[in-house]
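For reference, the structure discussed in these notes is given below.
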Amino acid sequence: MTALPVRTAHEISGRALAWLHANREYGALSSVPRSDVGEEGETYKALAETALAASLVLRDGAAGTTELTLARELLDFGWRQLGEGTLLYERLLRHPLTTDPMETYAHFVRAGYRHALLDGLLAHNAALRATHACEHIPNRRLP
């Protein structure tokens, strides 16, 4: 790749990360009743997607110091909003067939965040026979 596309990609991703960081409070769960967060996975979707973006910045290691700091702060913010994993644990405990707690947790684990009870529950659920059965046949398949 030539230098211009690489520089442009870094500039765009840096601006996007700065925007996420500046607007992170709009994804806060503090105004949502705790019971609603546990029942409705959509309420923390913005946090999950922000965590995905931030964890990828940390994983790739191609970002500058500022971007790495912003990404870490975004993950810290999201982790605090999720009660340091407790909200994900409670949701998975109440709804063991949902996948969004695990999918959200994966972004944080990639960046080094852990919740011991959630780790144990995920291991338990993965060992169940029911998790290895195909409950739904996909309506589309890749050739």
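Tabulated results
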quantity	calculated
Spacing of the two label points (7 Å from each Cα toward its C-beta) at ALA127 and ALA18, in nm	4.9 nm
Nearest-0.05 FRET efficiency for THR98 and ARG59, computed from C-beta distance (R0 25 Å)	0.50
Accessible surface, the stretch 54-116, averaged per residue in Å² (probe 1.4 Å)	50 Å²
Per DSSP, loop trypsin sites (Lys or Arg not before Pro) in the stretch 46-135 with at most 11 further Cβ within 10 Å	ARG114
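The values are calculated or read from the model by the stated rules, or taken from the named source; none is laboratory data. Model, not experiment: these values are computed from the prediction. FYI the Cβ positions are ideal-geometry reconstructions off the backbone, even for glycines, and counts take in every protein chain you see. In case anyone asks, the SASA skips ligands and DNA or RNA and just uses the protein heavy atoms, side chains included. Shrake-Rupley method; radii C 1.70, N 1.55, O 1.52, S 1.80 Å.
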